[in-house]
Amino acid sequence: MRVLLAGCGATGHVGGFFLKALQELGHDHRFIELSPPQRFPIVHKVASRVIGRRPLAYWKINWEMCKTVKEFSPQVVIISMGNWISSDTLREIRAPERCIVNFATDDPFNPVVSRPSTAENIPLYDLYACTKRAIMEDVRQAGCGHVVFLPFGYEPSLHFFEPASVYDSSRYASGVAFVGGADQDRRPMFRRLHRAVGGELALYGGFWNRDPVLRKYYRGFAVGRAYRLALCGAKIGLGLVRRANRDGHSMRTFEIPACGTFMLAERTEEHAELFEEDRDVAYFGSDEELVDKVRFYLGHEEERVRMARAAYERVVAGCHTYTDRMRAILKLAAEFL
């Protein structure tokens, strides 16, 4: 099958995981990078404001998409989110013998993570694969006739247990680790948590260093192997969701157990569908419950190890790799051909 994939190919992003999946599956494919270049960020920022918040690479991305489709003639086009794909481009590449798929990593109706055109372009896709159930009906109402739920996954070559004997464990050791941004609504929860666990807390990601209370727990960014080691070195890995993005689970939902780490996650319907509470993982529904669960599991190593093993086995045996996700997308897309 000829497949054109468009997404962010950087380490840790779905686009890169899907690209590797296409290589493993042996499909004839092409890849288009959707992330704007990081060189000269100030120039890009100023120019983006002048031309309607579009990066300077916007025109090149859309030109390359149309050119590649014309030359390669893919049977399936898979676009990961596609905030910078124009409606004109989608109309130009549509064809009866082609299926255009959107893998919606975020809520297309959330203005914080999506452009207005992202939602406006929904009717131009043949298939919308949603990583959150909560957006599915809105996507249907917006005009896409074929909407499915397809969760995130994990990449086995990146997300696996690495024993402390092969790396500097002191650098990554922690009682509780969270890898993710310092969203405004998360900070009160972590301030409460730090009072309970103190130096056991490790925070990786953007803007934690700007919080006067939490900056002492900031350990920088964790990407690639550093991300894996941040999880492997933690007794508890926190699995949070973004409510504003209508998340029911996140990429961490699969990556934490795949790294062999005990997961304490927010209690959601999607999490409950994936893991059994108190057998595979632990859940919390309030700041108070989070603090209580952290205190309990930091003091009960046997329970942590047992549950981490159960969650790991459920993930690796459950067809949750990104190769599995790609296989599912292509199977659905084949029905349009």
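Confirm whether Phe152 is at pLDDT 95 or above, under 19 Å from the mean Cα position of the chain (by Cα) and either within 24 Å of His271 (Cβ to Cβ) or not in a loop (DSSP other than H, G, I, E, B) (or both). Give the derivation first.
On the way: at pLDDT 95 or above: yes; under 19 Å from the mean Cα position of the chain (by Cα): yes; either within 24 Å of His271 (Cβ to Cβ) or not in a loop (DSSP other than H, G, I, E, B) (or both): yes.
Answer is yes for this residue.
Residues in region 198-253 that are more than 18 Å from Gly12 (Cα to Cα), of a type in the set (S, T, N, Q) and in contact (Cβ under 8 Å) with a residue 24 or more places away in the chain: how many?
Number satisfying all stated conditions: 1.
Only one of Glu270, Glu266, Glu288 is surrounded by fewer than 18 Cβ atoms within 10 Å (Cβ to Cβ) and either modelled with pLDDT of 95 or more or in contact with a Ser or Thr (Cβ under 7 Å, 6 or more places away or on another chain) (or both); which? Give the derivation first.
Details: Glu270 fails: surrounded by fewer than 18 Cβ atoms within 10 Å (Cβ to Cβ); Glu266 fails: surrounded by fewer than 18 Cβ atoms within 10 Å (Cβ to Cβ).
Of the residues listed, the single one that is surrounded by fewer than 18 Cβ atoms within 10 Å (Cβ to Cβ) and either modelled with pLDDT of 95 or more or in contact with a Ser or Thr (Cβ under 7 Å, 6 or more places away or on another chain) (or both) is Glu288.
Identify, please: which residue in region 177-227 is assigned to a strand (DSSP E or B) and closer than 19 Å to Thr261 by Cα and is, among those, farthest from the chain's Cα centre (by Cα)? First the steps, then the outcome.
At the first step, the residues of region 177-227 found to be assigned to a strand (DSSP E or B) are 177-179, 201-204, 218.
Within this subset, residues satisfying the condition of being closer than 19 Å to Thr261 by Cα are 177-179, 201-204.
On the way: Ala177: 17, Phe178: 14, Val179: 12, Leu201: 23, Ala202: 20, Leu203: 18, Tyr204: 16 Å.
Ranking the qualifying residues of region 177-227, first place goes to Leu201.
Restricting attention to region 206-216, which residues are surrounded by fewer than 18 Cβ atoms within 10 Å (Cβ to Cβ) and either in contact with a Leu (Cβ under 7 Å, 6 or more places away or on another chain) or closer than 17 Å to Ala226 by Cα (or both)?
Gly206
Go through region 142-168 and give me each residue that's β-branched (Val, Ile, Thr) and surrounded by fewer than 16 Cβ atoms within 10 Å (Cβ to Cβ). Reasoning before the result, please.
Step one: list which residues in region 142-168 are β-branched (Val, Ile, Thr), which gives 147-148, 166.
Answer for region 142-168, where residues must be β-branched (Val, Ile, Thr) and surrounded by fewer than 16 Cβ atoms within 10 Å (Cβ to Cβ): Val148, Val166.
Would you check if Tyr172 is crowded, with 21+ Cβ neighbours inside 10 Å, at pLDDT 95 or above and farther than 24 Å from Ala258 by Cβ?
Values: crowded, with 21+ Cβ neighbours inside 10 Å: yes; at pLDDT 95 or above: yes; farther than 24 Å from Ala258 by Cβ: no.
No: the conditions fail for Tyr172.
Note down all Cβ pairs under 7 Å where the first residue falls in region 308-320 and is touching a residue at least 60 places away in the same chain (Cβ under 8 Å) and of a type in the set (Phe, Trp, Tyr), the second is surrounded by 14 or more Cβ atoms within 10 Å (Cβ to Cβ) and in a helix (DSSP H, G or I), and they're at least six residues apart or on different chains.
Tyr312/Pro257; Tyr312/Ala258
So if I check each of Ser80, Ser73, Ser87, which one is of a type outside the set (Val, Ile, Thr), surrounded by fewer than 19 Cβ atoms within 10 Å (Cβ to Cβ) and closer than 13 Å to Leu5 by Cα? Give the derivation first.
Working: Ser80 fails: surrounded by fewer than 19 Cβ atoms within 10 Å (Cβ to Cβ); Ser87 fails: closer than 13 Å to Leu5 by Cα.
Going through Ser80, Ser73, Ser87 in turn, just one is of a type outside the set (Val, Ile, Thr), surrounded by fewer than 19 Cβ atoms within 10 Å (Cβ to Cβ) and closer than 13 Å to Leu5 by Cα: Ser73.
When residues of region 10-30 are filtered for being on the phi < 0 side of the Ramachandran plot and either within 19 Å of the chain's Cα centre (by Cα) or among the polar types (S, T, N, Q) (or both), how many remain? Step through it out loud before you land on a result.
In the first step, residues of region 10-30 are kept if they are on the phi < 0 side of the Ramachandran plot; the result is 10-11, 13-25, 27-30.
Next, only the ones that are either within 19 Å of the chain's Cα centre (by Cα) or among the polar types (S, T, N, Q) (or both) stay: 10-11, 13-23.
Adding up the residues that qualify gives 13.
Only one of (1) in a helix (DSSP H, G or I); (2) at pLDDT 95 or above; (3) of a type in the set (D, E, K, R); (4) closer than 21 Å to Tyr58 by Cα fails for Arg30. Which number is that?
Checking Arg30 against (1) in a helix (DSSP H, G or I); (2) at pLDDT 95 or above; (3) of a type in the set (D, E, K, R); (4) closer than 21 Å to Tyr58 by Cα, the one that fails is (1).
May I ask you to verify whether Ala234 is surrounded by 20 or more Cβ atoms within 10 Å (Cβ to Cβ), touching a helix residue (DSSP H, G or I) at 6+ places or on another chain (Cβ under 8 Å) and more than 24 Å from Pro151 (Cα to Cα)? Walk me through how you get there before you give the answer.
Details: surrounded by 20 or more Cβ atoms within 10 Å (Cβ to Cβ): yes; touching a helix residue (DSSP H, G or I) at 6+ places or on another chain (Cβ under 8 Å): yes; more than 24 Å from Pro151 (Cα to Cα): yes.
Taking the combined requirement at face value, the residue satisfies it.
For every residue, the table says whether it meets (1) farther than 30 Å from Leu5 by Cβ; (2) out of contact with any Phe, Trp or Tyr (no Cβ under 6 Å at 6 or more places or on another chain); (3) without any contact (Cβ under 8 Å) to a residue 12 or more places away in the chain.
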| position | (1), (2), (3) |
| --- | --- |
| Gly260 | no, no, no |
| Phe275 | no, yes, no |
| Gly285 | yes, yes, no |
| Glu302 | yes, yes, yes |
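For Phe221, state whether it is surrounded by fewer than 18 Cβ atoms within 10 Å (Cβ to Cβ), among the aromatic types (Phe, Trp, Tyr) and closer than 30 Å to Gln23 by Cα.
Details: surrounded by fewer than 18 Cβ atoms within 10 Å (Cβ to Cβ): yes; among the aromatic types (Phe, Trp, Tyr): yes; closer than 30 Å to Gln23 by Cα: yes.
Answer is yes for this residue.
Count, please, the residues in region 176-199 that happen to be farther than 20 Å from Ser286 by Cβ and touching a strand residue (DSSP E or B) at 6+ places or on another chain (Cβ under 6 Å).
Selection size over region 176-199: 2.
The values are calculated or read from the model by the stated rules, or taken from the named source; none is laboratory data. Fair warning: this is a prediction, and the values are worked out from it, not measured in the lab. Using ideal geometry, Cβ is built from the backbone for each residue, glycine included, and neighbour counts are taken over all protein chains shown.
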